[in-house]
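Notes follow once the structure below has been shown.
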Amino acid sequence: MSALGRRIVARPGIVLLALALAAAGVLTATGTRLAASQEPVLVAMRTEGEVPWRDPWDPFWNRVPAVDVALSAQQSVPPMGGKRLTISARAVNDGENLYLEVEWPDPTADRSVGATEDFTDAVAVQFPASGATRVPAFCMGDPTASVNIWQWRAAWQADVARGFRGHVADLHPNGYVDLYPFEGDETFLTGRAAGNPFSVERRSSAVDNLVATGNGTLTADPTPLVQGWGAWRDGVWRVVFTRSFTVGREGNVSFAPDDYKDVAFAVWDGGAEERDGMKSVASFMALDVSPELLAGGAGRALWPFAFLGIGVVWAAFAWMVLDGFRRREA
C-alpha cells in the first residue's frame with residue numbers, strides 16, 4: 001500500500017470529509033436542499049436560457065425536476081366537489097420572471113363554455129398576497145390574509161388562439177333572428193359592463209389574475225399581468241404560468257431571488273361538470289425561488305445523482321465504522 005493509502009486508512013475522517021464535500025457539490029449543482037421535515041418543496045432554480053413557456057411539452061420541461069402534489073376534493077364550502085388527484089409541478093426563474101408548470105391527468109380536453117351544459121378544464125395556483133403576515137386559509141384566503149390566484153382556463157386559451165366564439169351565431173350557426181333591436185347597445189351588455197370575465201371578447205391572456213380575501217370576494221384584475229399556455233396530449237394536460245417577479249399592484253404576490261413563498265394548487269375537470277367550488281385542491285406548500293443556476297443552465301435533472309452521492313457517503317461511513325470494530329477485535 002502506498003504512503004497516501006496508509007494515511008487515508010489511518011485517518012478515515014479524511015475520506016468522510018472528502019465524500020461529504022462531493023455530496024455537497026452535487027446537492028448544490030442540483031438545487032437539492034436537505035430538510036428535517038418531509039414536506040415537499042418546489043424549487044425554482046435559475047436558468048440563463050430562454051424558457052419555452054408557450055410549449056409545455058418542450059423537452060426543456062422534462063429536464064426540470066418535478067414535485068408530486070396530492071389534491072383532494074374541496075369539502076369546506078358549498079358547492080363542494082372534486083376528487084383525489086395527484087399533479088406534478090415544476091418551476092424555474094430567469095432572475096426576472098417566474099415560470100411554473102403544472103401537469104395532471106384528464107381523459108378529455110374540455111375547452112368550451114358556450115352552452116349551459118359545457119364546462120372548461122382549468123387549473124389555478126394560489127399565493128399569499130404581498131404584505132400578508134401569515135399563511136392564509138388555502139381556500140380563497142380570509143379577511144386578514146388575502147391571496148393572489150392565477151387561474152388558467154382551456155376556454156380562455158381557445159378564445160386567445162382562435163378569437164372569441166361566444167356569440168349566438170357561433171354557438172348556433174343555423175339559427176335565425178328576425179329582429180334584435182338592442183344589438184351593439186352597451187346598455188344591455190350587462191355582463192361586459194360588470195367586468196364579467198366570461199363576457200370579455202378580446203382576451204390577451206388565457207390566465208385570469210385574481211385577488212380574494214375569503215369566500216365570495218373573488219375579484220378579477222383586468223390587467224393581463226400573468227401569461228400562460230396549456231397543451232393536452234394523450235390524456236394529460238400541461239400548463240405553464242409566467243409572470244415577472246414584481247408588478248407594483250396591490251394584492252399581487254411579489255418574488256425575489258433566494259425567496260421562500262407559499263403556493264397551493266387547484267384543478268377543475270370540465271368533463272365532470274366541475275366549476276366554482278367544485279374542484280380538487282391542495283393545501284399550501286413551500287416555493288423556493290433559488291438564485292442557484294440550474295445544472296447545465298438549461299434544466300438537466302441531476303437529482304438522482306444527489307441521492308446517489310448521499311448513499312455513497314452513508315455507505316462509506318458505515319464501512320469505516322465496521323472496519324474500526326474489526327480492527328479493535330483483531
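Odds and ends about this structure:
- Within the range 219-244, being closer than 17 Å to A155 by Cβ and at pLDDT below 95 holds for A220, P224.
- Any hit, the range 254-262, residues being at pLDDT 90 or above, touching a strand residue (DSSP E or B) at 6+ places or on another chain (Cβ under 6 Å) and either under 20 Å from A70 (Cα atoms) or part of a helix (DSSP H, G or I) (or both): yes
- Search result, residues across the range 84-109 that are among the acidic types (D, E) and in contact with a Ser or Thr (Cβ under 9 Å, 6 or more places away or on another chain): D94, E96, E101, E103
- Residue selected from the range 206-234 under the condition surrounded by 14 or more Cβ atoms within 10 Å (Cβ to Cβ), touching a Gly at 6+ places or on another chain (Cβ under 7 Å) and not aliphatic (A, V, I, L, M), by the criterion farthest from N148 (Cα to Cα): G214
- The criterion of being modelled with pLDDT of 65 or more and outside the structural domain of M80 (by TED's automatic domain parsing) does not hold for M278.
- Residue check, T133 modelled with pLDDT under 75 and within 30 Å of V69 (Cα to Cα): yes
- Number of residues in the range 254-297 that are closer than 27 Å to L85 by Cβ and touching a Leu at 6+ places or on another chain (Cβ under 9 Å) equals 18.
- If you check T187, T213 for being assigned by TED's automatic domain parsing to the domain that holds L287 and in contact (Cβ under 8 Å) with a residue 12 or more places away in the chain, only one passes: T213.
- Within the range 281-314, the residues that satisfy the criterion of being modelled with pLDDT of 90 or more and in contact with a Phe, Trp or Tyr (Cβ under 8 Å, 6 or more places away or on another chain) are V281, A282, S283, F284, A286, L287, D288, V289.
- In the range 48-115, counting only strands (runs of 3 or more DSSP E) that sit wholly within it, the ones holding 3 or more residues that are surrounded by 21 or more Cβ atoms within 10 Å (Cβ to Cβ) and in contact with a Phe, Trp or Tyr (Cβ under 7 Å, 6 or more places away or on another chain) span 85-93, 97-105.
- Candidates are the residues of the range 252-268 that are surrounded by 19 or more Cβ atoms within 10 Å (Cβ to Cβ) and touching a Ser or Thr at 6+ places or on another chain (Cβ under 8 Å); the one that is nearest to A137 (Cα to Cα) is A264.
- Residue check: M140 meets all listed conditions (1) under 18 Å from the mean Cα position of the chain (by Cα); (2) at negative phi but one, namely (2).
- Subset of the range 240-251 that is part of a strand (DSSP E or B) and among the hydrophobic types (A, V, I, L, M, F, W, C) - its residue that is farthest from F138 (Cα to Cα): V240
- Candidates V26, V9, filtered to the one that is within 20 Å of A295 (Cβ to Cβ), in a helix (DSSP H, G or I) and at pLDDT below 55: V26
The values are calculated or read from the model by the stated rules, or taken from the named source; none is laboratory data. These figures come from a predicted structure and were not determined experimentally. For neighbour counting, all protein chains shown are included, and Cβ atoms are generated from backbone atoms with ideal geometry for every residue, glycine included.
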